[in-house]
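A.B. asks: Take a look at this one; I'll ask things after.
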Amino acid sequence: RKKRSYVMAKMAASLAGSGEDAFRRIFKFYKGRQPPPDFSDVIDFSKCGQIPTKLNPAAVSDVEGARVGLRPLRDWRAFSLQGYPGFIFISNPFRMDCQAFWIRQCLKTYTQKPNVCNLDLHMSPSDTQDIWGKSVHGLRFPPSGKGEPKTLLERLRWVTLGYHYNWDTKTYSASHHTPFPADLHSLSLHITAACGFPEFNAQAGILNYYHSDSSLGIHVDESELDHSCPLLSFSFGQSAIFLLGGIRRQDSPIAMYMHSGDVMVMSGQSRLLYHAVPRILPALWGHTAEKMEACSLVPSLQDTTVVEPVSQEDWMVCSRYLQSSRLNVTVRQVLGPGQCFPETPSSHQRTDKITDGEYGKRKRSSSCDC
Ligand code: OGA
Ligand code: MN
């Protein structure tokens with residue numbers, strides 16, 4: 001009896017000591033490379049066999065959707081997950097070639113001032129001005145030798161839009177706000193309206209720039225003040241594994257693929273679930289950006305469209321960047337209708353952001369790569 005309790009105590013201690021719970025174990029499993037993990041349990045919504053969900057077909061007209069680069073709503077393939085009410089996965093609803101526009105916005109437009117990025121924390125405003133312009137040459141003509149400095153775009157890890165997320169206090173504030181991009185606001189509203197949230201107001205955005213060895217730690221997005229508003233997530237470029245857990249950090253997660261163009265909506269009971277991105281994976285044939293081309297639009301849309309054609313020149317740079325990178329855009333409504341920021345900002349919430357290389361290596365210092 002004595003021996004058994006000793007063993008049990010030791011087991012409990014080692015479990016507590018390593019912090020190893022079901023979520024961490026599965027995170028490490030998918031992040032690990034030696035041996036390569038078995039991906040057979042990963043849900044792939046681009047394949048058959050998942051539970052389709054009905055969206056509101058009246059919410060977005062074909063013409064309205066096309067203006068922001070979306071296919072007619074009746075052609076969208078949207079899914080729910082049993083046991084995760086409020087979670088909606090839309091398998092690439094973008095029109096052929098229109099992803100190119102949104103990708104260029106993430107790399108060329110949203111990286112500009114007044115938006116905020118990780119490079120601002122350690123560089124002067126003049127050095128982080130025109131990240132795209134300063135990176136174009138280096139991306140077109142990558143240096144053959146190692147040790148060459150990376151371009152600013154390659155060192156970019158995050159950009160914030162609208163109410164700028166403060167990574168240290170884990171809060172948004174009234175005083176740190178710049179205009180939210182109108183085009184992304186419009187795209188977001190089309191998606192949320194189709195999902196039953198026609199009042200959604202995109203107020204904050206976090207763009208994550210992942211490379212082949214990046215991951216995003218286990219976290220829940222609770223800094224927004226009104227959790228009845230959905231959280232939207234767009235994926236572009238390389239694929240990734242997304243882990244969706246429970247309301248407790250240690251709850252065992254399920255794994256799913258995110259491919260280029262996929263959109264995820266976390267609402268209702270799924271809004272505050274723990275989640276993580278343990279791994280970036282090469283895009284499979286059929287999801288690859290190489291198939292995309294500079295946007296060519298039907299002439300009838302050209303007057304009122306949000307989505308503009310992308311020049312061959314710009315697309316060359318985007319597709320070179322995406323050969324080993326993934327872009328993730330999360331869009332959040334921070335305040336409910338009529339709501340204001342409290343006088344004293346609350347301080348709990350998100351602690352994790354993208355980490356490169358070994359898990360934990362740069363857990364709190366991914367603000368800059370320099
Ligand atoms: C986030 C997030 C997931 C992703 O930015 O909060 O969870 O798919 N992103 O990169
Ligand atoms: Mn998140």
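A.B. asks: Scan (1) farther than 20 Å from Val310 by Cα; (2) in a loop (DSSP other than H, G, I, E, B) for the single condition Thr111 breaks and write down its number.
C.D. replies: (1)
A.B. asks: Something else now. Taking the condition of being in contact (Cβ under 8 Å) with a residue 40 or more places away in the chain and away from ligand 1 (no atom under 11 Å from the Cβ), how many residues in segment 242-256 meet it?
C.D. replies: 8
A.B. asks: Quick check on segment 265-279: of everything there that is assigned to a strand (DSSP E or B) and more than 10 Å from ligand 2 (Cβ to nearest atom), which residue is surrounded by the fewest Cβ atoms within 10 Å (Cβ to Cβ)?
C.D. replies: Among them, the one singled out is Pro278.
A.B. asks: Given His219, His259, which one is within 15 Å of ligand 1 (Cβ to nearest atom), surrounded by fewer than 20 Cβ atoms within 10 Å (Cβ to Cβ) and at pLDDT 95 or above?
C.D. replies: His219
A.B. asks: Then there's this: Please go through segment 194-213 and give me each residue that is surrounded by 23 or more Cβ atoms within 10 Å (Cβ to Cβ) and of a type in the set (Gly, Ala, Ser), ordered by number.
C.D. replies: Once the filter is applied, which keeps residues that are surrounded by 23 or more Cβ atoms within 10 Å (Cβ to Cβ) and of a type in the set (Gly, Ala, Ser), segment 194-213 yields Ala194, Ala202, Gly205.
Residue by residue, here is whether (1) near ligand 1 (Cβ under 10 Å from one of its atoms); (2) within 30 Å of Pro37 (Cα to Cα) holds:
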residue: Leu187; (1), (2): no, no
residue: His190; (1), (2): no, no
residue: Phe200; (1), (2): no, no
residue: Ser212; (1), (2): no, yes
residue: Asp226; (1), (2): no, no
residue: Pro230; (1), (2): no, no
residue: Ala240; (1), (2): yes, yes
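A.B. asks: Whether any residue in segment 70-89 is touching a strand residue (DSSP E or B) at 6+ places or on another chain (Cβ under 6 Å) and at pLDDT below 95 is what I want to check.
C.D. replies: no
A.B. asks: If the requirement is being surrounded by 11 or more Cβ atoms within 10 Å (Cβ to Cβ), modelled with pLDDT under 75 and of a type in the set (Asp, Glu), which of these qualifies: Asp352, Asp356, Asp303?
C.D. replies: Asp352
A.B. asks: Which of the numbered conditions does Asp62 fail, given that it passes all the others? Conditions: (1) surrounded by 15 or more Cβ atoms within 10 Å (Cβ to Cβ); (2) modelled with pLDDT of 90 or more; (3) within 25 Å of Thr304 (Cα to Cα); (4) among the acidic types (Asp, Glu).
C.D. replies: (1)
A.B. asks: Further question: For segment 179-200, what are the residues that are within 21 Å of Cys106 (Cβ to Cβ) and either touching a Ser or Thr at 6+ places or on another chain (Cβ under 9 Å) or not in a helix (DSSP H, G or I) (or both)?
C.D. replies: To start, the set of residues in segment 179-200 that are within 21 Å of Cys106 (Cβ to Cβ) comprises 179-192, 200.
Once the filter is applied, which keeps residues that are within 21 Å of Cys106 (Cβ to Cβ) and either touching a Ser or Thr at 6+ places or on another chain (Cβ under 9 Å) or not in a helix (DSSP H, G or I) (or both), segment 179-200 yields Pro179, Phe180, Pro181, Asp183, Thr192, Phe200.
A.B. asks: I'd like the residue in segment 317-333 that is of a type outside the set (A, V, I, L, M, F, W, C) and within 16 Å of ligand 2 (Cβ to nearest atom) and, out of all such residues, is nearest to Val136 (Cα to Cα). Spell out the reasoning first.
C.D. replies: Applying the first criterion (of a type outside the set (A, V, I, L, M, F, W, C)) to segment 317-333 yields 319-321, 323-326, 328, 330, 332-333.
From the residues that got through so far, the ones that are within 16 Å of ligand 2 (Cβ to nearest atom) too are 326, 328, 330, 332-333.
Working: Arg326: 18, Asn328: 21, Thr330: 25, Arg332: 30, Gln333: 33 Å.
Applying the filter and picking the extreme gives Arg326.
A.B. asks: Follow-up question, since we're still on this one. Among Arg33, Arg77, which is among the basic types (Lys, Arg) and in contact (Cβ under 8 Å) with a residue 24 or more places away in the chain?
C.D. replies: Arg77
A.B. asks: From the list Thr169, Thr160, exactly one residue is part of a loop (DSSP other than H, G, I, E, B), farther than 22 Å from Leu70 by Cα and either modelled with pLDDT of 95 or more or among the polar types (S, T, N, Q) (or both). Which is it? Can you show your working first?
C.D. replies: Details: Thr160 fails: part of a loop (DSSP other than H, G, I, E, B).
Step by step, each of Thr169, Thr160 is checked, and only Thr169 is part of a loop (DSSP other than H, G, I, E, B), farther than 22 Å from Leu70 by Cα and either modelled with pLDDT of 95 or more or among the polar types (S, T, N, Q) (or both).
A.B. asks: Which ones in segment 176-207 are of a type in the set (D, E, K, R) and within 22 Å of Asp262 (Cβ to Cβ)?
C.D. replies: The first filter runs over segment 176-207 and keeps only residues of a type in the set (D, E, K, R), leaving 183, 199.
Once the filter is applied, which keeps residues that are of a type in the set (D, E, K, R) and within 22 Å of Asp262 (Cβ to Cβ), segment 176-207 yields only Asp183.
A.B. asks: What is the one condition in (1) touching a strand residue (DSSP E or B) at 6+ places or on another chain (Cβ under 7 Å); (2) aliphatic (A, V, I, L, M); (3) modelled with pLDDT of 95 or more that Ala22 does not satisfy?
C.D. replies: Of everything listed in (1) touching a strand residue (DSSP E or B) at 6+ places or on another chain (Cβ under 7 Å); (2) aliphatic (A, V, I, L, M); (3) modelled with pLDDT of 95 or more, Ala22 misses just condition (1).
The values are calculated or read from the model by the stated rules, or taken from the named source; none is laboratory data. Note that this is a predicted model, so its numbers are computed, not measured. Quick reminder, even Gly has a Cβ in these numbers, built from the backbone with ideal geometry, and neighbours come from all protein chains shown.
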